[in-house]
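For reference, the structure is listed below as structure tokens.
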Amino acid sequence: QVQLVESGGGLVQPGGSLRLSCAASGSVMRPMGWYRQAPGKQREFVVRISSSGTTRTYADSVKGRFTISRDNAKNTLYLQMNSLNPEDTAVYYCTVSVKAADYWGQGTQVTVSS
């Protein structure tokens, strides 16, 4: 079983930046991703990264502003978020699929407001 713990969320002004982290309980050499869920909306895909970190796929809404990366030696996934706007306000979740099971963290709140 895999445990994922997100951190780094908070309150930021429009145009600001945040860096989220997702620590895995063990070695997770699998593709990983970030999703987010805004109040009253369904959870939506943000970005995914291959196990090696060489391939990244972004949602159009964050392309050019967000950057996903991973440090497999530290079992940690990152999400650098720049040029944040109020529409980015949501709970952000990291996820990984291992042996046909999907694992999710508890989420970290990101609020973009002046």
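Brief remarks on what is shown
- The stretch 102-114, residues that are outside any loop (DSSP other than H, G, I, E, B), open to solvent by 30 Å² or more (accessible area, probe 1.4 Å) and either in contact with a Lys or Arg (Cβ under 8 Å, 6 or more places away or on another chain) or farther than 14 Å from Arg43 by Cα (or both): Asp102, Tyr103, Thr111
- Scanning the stretch 25-48 for residues that are open to solvent by less than 20 Å² (accessible area, probe 1.4 Å) and modelled with pLDDT under 95 returns a single hit, Val28.
- Checking each residue in the stretch 68-88 for being farther than 17 Å from Val112 by Cβ, of a type outside the set (Lys, Arg) and open to solvent by 50 Å² or more (accessible area, probe 1.4 Å) picks out Asn72, Ala73.
- Qualifying residue in the stretch 56-78 (condition: polar (S, T, N, Q), farther than 20 Å from Gln1 by Cα, in a strand (DSSP E or B) and in contact (Cβ under 8 Å) with a residue 60 or more places away in the chain): no
- Residue tally, condition over 13 Å from Tyr78 (Cα atoms), touching a Leu at 6+ places or on another chain (Cβ under 7 Å) and open to solvent by 30 Å² or more (accessible area, probe 1.4 Å), over the stretch 1-14: 1
The values are calculated or read from the model by the stated rules, or taken from the named source; none is laboratory data. Note that this is a predicted model, so its numbers are computed, not measured. Please note: Cβ atoms are built from the backbone with ideal geometry, for glycine as well, and neighbour counts cover all protein chains shown. Quick note on the areas: whole protein, heavy atoms, side chains included, nothing else; ligands and nucleic acids left out. Shrake-Rupley method; radii C 1.70, N 1.55, O 1.52, S 1.80 Å.
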